[in-house]
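The values are calculated or read from the model by the stated rules, or taken from the named source; none is laboratory data. Keep in mind that what you see is a predicted model, and the values were worked out from it rather than measured. Because the Cβ atoms are built from the backbone with ideal geometry, glycine has one as well, and the counts that use them run over all protein chains shown.
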Amino acid sequence: MSDIDHEQEEKIEIIEIPNKYLTVPSKRPEKVQNYNKNYYENNKQSILEKAKQKDHCEACNCTYQHVNKKKHEATVKHQLNLKIKNLEK
Ligand SMILES: [Zn+2]
């Protein structure tokens with residue numbers, strides 16, 4: 001019995017993965033990354049202020065945070081209100 005069990009055992013080979021496959025290569029060159037980082041550091045205050053800034057949507061008659069502009073514009077509510085507003089013109 002034990003002999004059969006032993007034959008059925010799966011052989012697991014351990015393969016070593018070369019280091020170069022373990023690190024995820026960055027899509028952006030280092031120069032660009034540094035530029036973006038520096039830009040953010042230098043303009044942190046204004047970027048954050050702009051992000052917190054409230055925008056007003058005329059179509060929906062509501063306010064939303066500037067950072068959520070894309071999100072708001074993608075909502076069904078906004079799309080419908082925009083269509084209605086365009087029809088009224
Ligand atoms: Zn809207």
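Side notes on the structure shown:
- In the set (1) modelled with pLDDT of 90 or more; (2) part of a helix (DSSP H, G or I), the condition left unmet by residue 59 is number (2).
- Checking each residue in segment 31-56 for being of a type in the set (Asp, Glu), at pLDDT 90 or above and over 25 Å from residue 88 (Cβ atoms) picks out only 41.
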